[in-house]
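Note sheet for the following structure.
Read the figures in this text as sums done on the coordinates, not as results from a lab. Bear in mind the structure is a predicted one, so any value in this text is a computation, not a measurement. Backbone-built Cβ (ideal geometry, glycine too); neighbour counts: all protein chains shown.
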Amino acid sequence: MNEKPLGKKDFIVVMIPYFVEVITDDIPDHIRMLRFEAMKRVQNYLHHYEVLGYMPGLLCVIAEKKCRYIMAATTKADIEQIIKTHCSHYDGNRFIPGPYSIPEEEMICWSETSKKEPLTSVGLGRYLELFHQVLPEESKFLPV
């Protein structure tokens, strides 16, 4: 499926074709169940983010990317890595994304972190970098 803009949408609608694919694909039952359960877990945590008030379009993009990763996975270990929330690793100079990193998801992580305590200058820099990347139109209104 193609990337979609961050407009008003429902992440469940984005996930439905993937649920159908899991159900109808000619795959072993254990892989079908792994993928189905993984998508249910993604659905649950996206619902949590929805309740917290995050933009529906952001959640749709996360759903799309997570589902694509899940559809390619064939082991429980891969599924567990995909399900986990991924924030890029800071090596002391820059942030390095992991194989299943999703910028929109990392942006939510930084937002949630900032609710608990002020971000460091490095954390704030990363949050702003992600904001510009994920929401280029909205970032035009930020001070330079």
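Observations
- The ranking of Ile82, Ile27 from fewest to most other beta carbons within 10 Å of each one's beta carbon is Ile27, Ile82.
- Mean separation of Cα contacts under 8 Å (6+ apart) over length of the stretch 85-144, as relative contact order %: 26 percent
- With semi-axes defined as the square roots of five times the eigenvalues of the C-alpha gyration tensor, the equivalent ellipsoid of the stretch 85-144 measures 18, 14, 12 Å, largest first.
- The residue among Tyr54, Ala77, Ile27 whose Cα reaches farthest toward the positive pole of the charge dipole of the stretch 1-84, with charges on the beta-carbon of Lys, Arg, Asp and Glu, is Tyr54.
- For the stretch 1-84, convex hull volume per residue from C-alpha positions, Å³: 77 Å³
- Degrees between helix 11-24 axis and first principal axis of the chain (Cα, 0 to 90, nearest 10): 30 degrees
- Quarter the surface of the alpha carbon convex hull of the chain and you get the mean projected area, 9.5 square nanometres.
- Potential extension, His48-Arg94 segment - 0.36 nm per residue separation minus Cα distance: 13.6 nm
- Rounded FRET efficiency, nearest 0.05, which uses the C-beta distance separating Ser121 from Thr75 and R0 of 25 Å: 0.05
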